[in-house]
Amino acid sequence: MCGIVGYTGHRPAGPIVIEGLRRLEYRGYDSAGVALFDERGELYIARATGKLDALVQRVEGTLPPAVCGIGHTRWATHGEPNDANAHPQLDPLGRVAIVHNGIIENYDVLRKEVAERGGLFSSETDTEVVAHLLAEHVARGIDLLEALRLVVAGAQGAYSLVAVSVDEPGRIVAARVGNAGGIVIGHGDGEHLVASDLGALLPHTRRVSFLEPGEFVDVRRDAVAYLDAEGQPLEKAVEEQPFDAVATAKGGYKHFMLKEVHEQPVTVLDAMRGRYLLHPARVEMDGLPFTVEQVRALTRVVIVGMGTSMHAAMVGRHYIERFARIPAEVDNSAEFRYRYPVLDEHTLVISISQAGETVDTLAAMDEAKRAGCPQVTICNTPGAQTTRVADGTVFMRSGPEVAVASTKTMSASMLLLHGIALHLGRMRGTLDPEVEARQVTAALHLPVAIGEALEMAPHLQRIAGRYAQCEDFLFLGRGLGYPMALEGALKLKEVSYIHAEGYAAGEMKHGPIALIDESMPTVALAPRDEVFDKMRSNIQQVRARHGAVIAVVSKDEHALDDLANDLIELPAVDAALVPLVAVVPMQLLSYYIALVRGADVDQPRNLAKTVTVE
Ligand code: F6R
């Protein structure tokens, strides 16, 4: 989704802003632009459709020696991706420039009002009207920040805005409204930065502060001032961030996705560190600020998330019911809030969001908050909005995930849900200590087992080569294999643009079986478990209809040798932990198929890493 960078200080602003935008590319975008003050204090504007390189080409040799500027990568919502709709957007006289993330819901009403006053628009965006309104206020002598406050008061929706004005080169003002997209301020020496996320700031400073919804900031070279919605000054702590910008480099891998898939043994280890303990073997999760009484009084757990995070939630449901013995359900965050959920203070809501800014998940959390539910969130991003809403946060500690397709953070989420379930089970007295000890020991073996799964990469690459030209795939699984089937299909769609359907295998004969023929391969998740025989029947049914089957089986499983066209053998792990090894071939198969097809693996078309619009 849209990315924002701003800089004011003593160094050349143009390269800093463009380099910052480069770091936000992973969010997904379709045009980019910058607004810089040249040496006379006039605004230099450049915008280009397509990737950042198009903008870089456009500005080549013309970048002014500016010390203040703002930049934007746009993910189109209102108006197609083209130069006119790219940000920064200006007022007609070019006195105010703004960049924007999120949606201004009543933009059409505001636009009509401005048009009636004679305002002429040059884009189809919901953003441009803000530039008009700001400029109108500034022309009346109203201070730029106060003008922004007045505009925000009348502009509905969830969004963030960053503005500059030719009347005050060197000053950047910004607002965060609602949950769509954060604003981070970077504090340097004699310079300050503004960005939609931390990654853009880290090469320059690790000292940051975050805007909360409803807050404003006034950023100058030597000072930063924060205001609340009423325009009252706010004190804000400056936090020191632990992430190192260099950690975001590809580290010798061809793509971030491949690097992040290979990081999973360490991801899982980092997620367990200090939480999975050996003497005695038990789990002590941090981030669960609930008393024994509160936990014992729980009658239900609802786990919410979107996309891959929701698939992790489905594995978590199994863990909560099995180990904590609490009825658990999973909901897509975007559906949850609109189905009048029945919630109370005995319903624990667990949200999962890698970014911690996913607007649908934030909305679901708001709903839960209104109902008085205790809440815990699983998140990878310190300071993210979800971590401020929940009562407690269990951090993934996965480090930055740069590829748009989530991989390592799904493994972290599944592992943490396993830990939360064991912890809650012990607090409720429903978990046999021996079961807990066995699960802990089994989980501590995971880094090795995931490493073994990664060793299958060459085998998976060969399989990918055989099926890469297929245009449709079916993924089937039962029990814990079902979320893996959904995730396998999602990954394949995302990175290779192949149409793929994930189904609970029992559902196959209720419709999807009609699709099966020799051109549609099926990936069948069939580890040796209580539903193995049923999976074998499903595979037989596919083969009877000439469909090719890639079967994902347990180590040394031979029951499908004559049936499946290709076999993927999973390393041996405890049955409850199979998803943590089975997800690896799902990820690698998609990756290698995408590679054969020449797709943009790290930044698939139309997708965004941080989804800040509903
Ligand atoms: C899939 C993917 C998305 C995210 C979803 C939620 O590879 O990355 O489906 O899982 O957008 O994102 P978070 O977890 O950041 O809330």
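The values are calculated or read from the model by the stated rules, or taken from the named source; none is laboratory data. Keep in mind it's a predicted model, so treat the numbers as computed, not measured. Neighbour counts are summed over all protein chains in view; Cβ atoms, including those assigned to glycine, are modelled from backbone coordinates with ideal geometry. Surface areas here come from the heavy atoms of the whole protein model, side chains and all, with no ligands, DNA or RNA. Shrake-Rupley method; radii C 1.70, N 1.55, O 1.52, S 1.80 Å.
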What is the residue count in segment 34-53 for residues that are part of a strand (DSSP E or B) and without any contact (Cβ under 8 Å) to a residue 60 or more places away in the chain? 8
Touching a helix residue (DSSP H, G or I) at 6+ places or on another chain (Cβ under 9 Å), open to solvent by 10 Å² or more (accessible area, probe 1.4 Å) and within 12 Å of the ligand (Cβ to nearest atom) - does that describe any residue in segment 406-413? yes
Pairs, please: C-beta under 7 Å, at least 6 apart or cross-chain, first residue basic (Lys, Arg) and in segment 352-381, second open to solvent by less than 10 Å² (accessible area, probe 1.4 Å)? 369/375
Among the numbered criteria (1) at pLDDT below 95; (2) of a type in the set (Ser, Thr, Tyr); (3) within 15 Å of the ligand (Cβ to nearest atom), which one does residue 309 miss? (1)
Among the residues in segment 26-45, are any among the charged types (D, E, K, R), within 25 Å of the chain's Cα centre (by Cα) and open to solvent by less than 10 Å² (accessible area, probe 1.4 Å)? yes
Check on residue 453, touching a residue at least 24 places away in the same chain (Cβ under 8 Å), touching a strand residue (DSSP E or B) at 6+ places or on another chain (Cβ under 7 Å) and among the small types (Gly, Ala, Ser): yes
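A quick yes/no check of all residues on (1) open to solvent by 40 Å² or more (accessible area, probe 1.4 Å); (2) part of a loop (DSSP other than H, G, I, E, B):
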{"site": "1", "(1), (2)": "no, yes"}
{"site": "16", "(1), (2)": "no, no"}
{"site": "19", "(1), (2)": "yes, no"}
{"site": "55", "(1), (2)": "no, no"}
{"site": "66", "(1), (2)": "no, yes"}
{"site": "69", "(1), (2)": "no, no"}
{"site": "87", "(1), (2)": "no, yes"}
{"site": "99", "(1), (2)": "no, no"}
Considering only segment 138-165, state which residues are part of a strand (DSSP E or B) and over 32 Å from the mean Cα position of the chain (by Cα). 165
So how many residues does segment 332-358 have that are more than 9 Å from the ligand (Cβ to nearest atom) and open to solvent by less than 10 Å² (accessible area, probe 1.4 Å)? 5
Checking 494, 507, 518, 557 in turn, the sole residue that is open to solvent by 10 Å² or more (accessible area, probe 1.4 Å), assigned to a helix (DSSP H, G or I) and at pLDDT below 95 turns out to be 507
Across segment 369-397, which residue is nearest to residue 299 (Cα to Cα) among those that are in a loop (DSSP other than H, G, I, E, B) and within 11 Å of the ligand (Cβ to nearest atom)? 396
Members of segment 166-181 that are open to solvent by 10 Å² or more (accessible area, probe 1.4 Å), within 20 Å of the chain's Cα centre (by Cα) and within 20 Å of residue 128 (Cα to Cα): 177, 178
Here is a list: 168, 230, 212. Which entry is at pLDDT below 95, under 22 Å from residue 12 (Cβ atoms) and part of a loop (DSSP other than H, G, I, E, B)? 168
Among the residues of segment 522-554, which ones are open to solvent by 10 Å² or more (accessible area, probe 1.4 Å), closer than 21 Å to residue 473 by Cα and in a helix (DSSP H, G or I)? 534, 536, 537, 540, 541, 543, 544
